[in-house]
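One structure is given here, and the rest of the page talks about it.
The values are calculated or read from the model by the stated rules, or taken from the named source; none is laboratory data. What you are looking at is a predicted structure, and each value in this text was computed from that prediction instead of being measured. Here the Cβ positions follow ideal geometry from the backbone for every residue, glycine too, while neighbour counts run over all protein chains shown.
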Amino acid sequence: MDKPKLNISFTLIATVVGFMIAIQFQTVKKPVERDTRDIWQLREALLKEKELQSELLSEIRSNEIKLSAYESKRKQSKGQVLKETLQELKTEAGLTEVSGPGITLQIEPVIESVQLGTPVTKDVSPELLKRLLNEINMYDAKYVAIDGQRIINSTVIRDINGETKIDGHTIRSLPVEIKVGVNELNTAEKLSNRMKVSKARDEFFTENLRLNVSAPNQTITIPAYDNSIRIKYMEPVKEGSNS
């Protein structure tokens, strides 16, 4: 073989070998990524994914239960507030029995007048009771009951056929007991002291009646108003009405 042909053959062989080396190097440098895990490894991975999914679902259910509990508690708290408000309104309206500090007043005939021959006064007039109530209210009275009858804002004291009636209840005989409730014992002490020197005692004495005032008491019980309350000029508002 002559020299030129030998050079050409060598060049071709070198080129082919170089090309093959380049391809092999590129293949080693960037191998094709394949999942070489076996069936057990795949099952283990799937099991972990299912466990993660189960944990997420459990957390979602837990949060839903918490939200439901919070919503229920919020509704219950609204209901509780409504009940408390209703109870407060009933107390203010006189529809519940109340106990607390206060004093007791007693209206009785003046025995000295009987001994002097003056006819015994057998009842107390509505006017005297009304003036007494006005004076009591001036001294921070909170709850009042006369002869066992609770006095409320709509109470009517009047004379019917010669008898003094309180919302239909007849005061038939003396003595008559009046219970007055206040907020604090200190207020009861002030009320007792003021009533002992009030003009009401003089007015009662003029009618041959004595108004006795007790010392302040830590606890007295005022009965609830037991008659029906008539509401005038009021009617329920229809849903969706702006008036």
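Data for the structure
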item	result
Failed criterion for residue 213 (all others in (1) modelled with pLDDT under 95; (2) over 18 Å from residue 99 (Cβ atoms) hold)	(1)
Some residue of the stretch 179-194 being farther than 22 Å from residue 110 by Cα, in a loop (DSSP other than H, G, I, E, B) and over 36 Å from the mean Cα position of the chain (by Cα)	no
Any hit, the stretch 85-97, residues being touching a residue at least 60 places away in the same chain (Cβ under 8 Å), farther than 24 Å from residue 214 by Cβ, surrounded by 13 or more Cβ atoms within 10 Å (Cβ to Cβ) and under 30 Å from the mean Cα position of the chain (by Cα)	yes
Test: residue in the stretch 24-41 that is surrounded by 10 or more Cβ atoms within 10 Å (Cβ to Cβ) and modelled with pLDDT of 75 or more	yes
Sole residue being touching a residue at least 60 places away in the same chain (Cβ under 8 Å) and not polar (S, T, N, Q), chosen from 197, 180	180
Leading residue by the ranking (modelled with the lowest pLDDT) among those in the stretch 109-124 that are surrounded by 16 or more Cβ atoms within 10 Å (Cβ to Cβ) and closer than 19 Å to residue 169 by Cβ	123
Residues being under 20 Å from residue 93 (Cα atoms) and either charged (D, E, K, R) or surrounded by 13 or more Cβ atoms within 10 Å (Cβ to Cβ) (or both) - total across the stretch 182-230	12
Residue identified as at pLDDT 90 or above and closer than 19 Å to residue 91 by Cβ among 153, 137	137
Neighbours by Cβ (under 6 Å, 6+ apart or cross-chain): first from the stretch 158-176, over 18 Å from residue 108 (Cβ atoms); second polar (S, T, N, Q) and at pLDDT below 90	167/227
